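Novice: Sharing a structure, written as structure tokens. Questions coming.
The values are calculated or read from the model by the stated rules, or taken from the named source; none is laboratory data. Keep in mind that what you see is a predicted model, and the values were worked out from it rather than measured. Cβ sites come from the backbone with ideal geometry, for glycine too, and all protein chains shown count toward neighbours.
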Amino acid sequence: MSTFVILSRYLCHEMMDQTKVKVIYKICLSRRRVREAERYSWTATRGVNEATLMENFPEDLQVDIRRHLFKFVKKVSTKISVA
């Protein structure tokens, strides 16, 4: 076998290993980000599921809450777009 063939096989193998490492790193990073998001969400809500909580409220109260949240989000988004 020529030196070129041996070297090209080695480099190809090294590239495959680096690609595997990158993929594994991205998977680990994604898992960590998901765990951090879940931890943040649990801390912010103190473990209460907002969707279930909203379902238990009377319909008129749900409408008022949604209207209030929409106005708040709209106000914040306009401030962010101006800045």
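Novice: Just checking, which of LEU61, LEU69, LEU11 is out of contact with any helix residue (DSSP H, G or I) (no Cβ under 7 Å at 6 or more places or on another chain) and modelled with pLDDT under 80?
Specialist: The match here is LEU11.
Novice: Quick check on MET54: is it modelled with pLDDT of 80 or more and assigned to a helix (DSSP H, G or I)?
Specialist: yes
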